[in-house]
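The values are calculated or read from the model by the stated rules, or taken from the named source; none is laboratory data. These figures come from a predicted structure and were not determined experimentally. Ideal geometry is used to build each Cβ from the backbone, glycine not excepted, and the neighbour counts take in all protein chains shown.
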Amino acid sequence: MEQLKGISIFVEAVEAGGFSAAAERLHLTRSAVGKTIARLEQRLGVRLFNRTTRMQSLTEEGRFFYERCLRAVEEIRLGEAMLESGRRDVRGRLRISMPVLFGRHCISPILARLLDEHPNLELDLSFNDRIVDLLEDGFDLVIRNGPLKDNPDLMARAIARQRMTVCASPAYLEKHGAPQTVFDIPQHEGIVYRRGDDDKGWIFPTAADPGRRLAPKARLRLDDLASISDAAVAGRGLAWLPCWLVREEVLAGRLIQVLKHEPANVFDAHAVWLRSPVMLPKVRLAIDTLAAGLPAMMG
């Protein structure tokens with residue numbers, strides 16, 4: 001059993017990209033991971049990692065050993081999944097990555113309720129806007145917004161449809177008036193989301209042009225959607241935001257939706273997981289729960 005434990009920690013260290021990251025995933029100290037790897041190397045009589053003060057990289061022998069260990073670990077994981085699929089209760093740790101704001105406002109509140117219904121379930125939720133790698137980063141499930149790229153190693157299911165809306169504060173609309181059509185947008189001040197090169201305007205699809213974009217005058221650019229909502233409430237201009245994010249502001253009258261008769265950009269949110277012959281019950285439960293609970297929060 002000690003040998004198997006050493007192999008599993010070795011595989012985790014490779015997949016995590018280092019001893020520190022593996023220790024965090026396994027809830028161990030970095031020293032414990034390093035000592036386990038050292039004992040494994042001593043038993044095998046080879047060096048598995050090249051070590052420096054800042055990083056670890058596989059040796060040629062380590063890569064050879066990892067490829068064979070991975071097959072064995074995957075067989076064990078598959079066996080566990082098949083056994084777990086026969087249980088009625090859901091148990092174990094479920095690691096999920098999700099976009100920061102969408103996760104905080106919509107995903108996390110729904111999933112947290114599962115802890116009340118399943119006492120043997122643990123949730124490990126990560127809020128991050130970068131695109132994570134399910135295998136390398138060790139996640140069971142990721143939530144992604146918008147179109148997905150084809151990947152034969154992944155499975156996906158649409159769990160919600162998100163609708164964008166244009167809104168502004170009563171003070172801004174009283175001073176500048178409301179746009180009557182989308183073609184009025186370039187004459188208005190806008191608070192624009194800026195991340196990388198994604199600053200090409202707001203999408204108002206038509207049958208002839210699904211990607212039609214129109215851009216307001218943008219003197220204020222922000223890379224955080226919540227800050228854009230706050231700036232809109234403060235009267236800084238029009239904002240183009242997901243309905244779920246501004247729902248409370250609209251209901252409270254702090255923001256007013258405009259151009260509601262114009263076609264809105266609508267996109268899917270997906271749950272994505274690694275392709276496998278057997279889906280873990282905890283993964284299936286999370287996906288089914290989100291698919292059932294999210295639509296009511298999207299309006």
*Could you count how many residues in segment 169-179 are part of a loop (DSSP other than H, G, I, E, B) and either free of Cβ contacts under 8 Å to residues at least 12 places away in the same chain or in contact with a Pro (Cβ under 8 Å, 6 or more places away or on another chain) (or both)?*
1
_Meets criteria (more than 20 Å from Ala178 (Cβ to Cβ), surrounded by 16 or more Cβ atoms within 10 Å (Cβ to Cβ) and in the same structural domain as Gly146 (by TED's automatic domain parsing)) for Leu280_ = yes
*Would you point out the residue of segment 164-210, among those that are among the aromatic types (Phe, Trp, Tyr) and under 26 Å from the mean Cα position of the chain (by Cα), that is nearest to Asp129 (Cα to Cα)?*
Tyr193
*Just one of Leu290, Leu259 is touching a helix residue (DSSP H, G or I) at 6+ places or on another chain (Cβ under 7 Å) and within 30 Å of Phe183 (Cα to Cα); which is it?*
Leu259
*Scan segment 224-233 and give yes if some residue there is exposed (fewer than 13 other Cβ atoms within 10 Å of the Cβ) and free of Cβ contacts under 8 Å to residues at least 60 places away in the same chain, otherwise no.*
no
*Give me the pairs, please: first residue somewhere in segment 30-46 and more than 19 Å from Ala16 (Cα to Cα), second residue anywhere and of a type in the set (S, T, N, Q) and part of a helix (DSSP H, G or I), beta-carbon distance under 8 Å, and either six or more positions apart or on two chains.*
Arg43/Gln3
*Residue tally, condition part of a loop (DSSP other than H, G, I, E, B), of a type in the set (Asp, Glu) and under 22 Å from Gln187 (Cα atoms), over segment 207-252*: 1
*Test for Leu214: is it crowded, with 17+ Cβ neighbours inside 10 Å and within 27 Å of the chain's Cα centre (by Cα)*: no
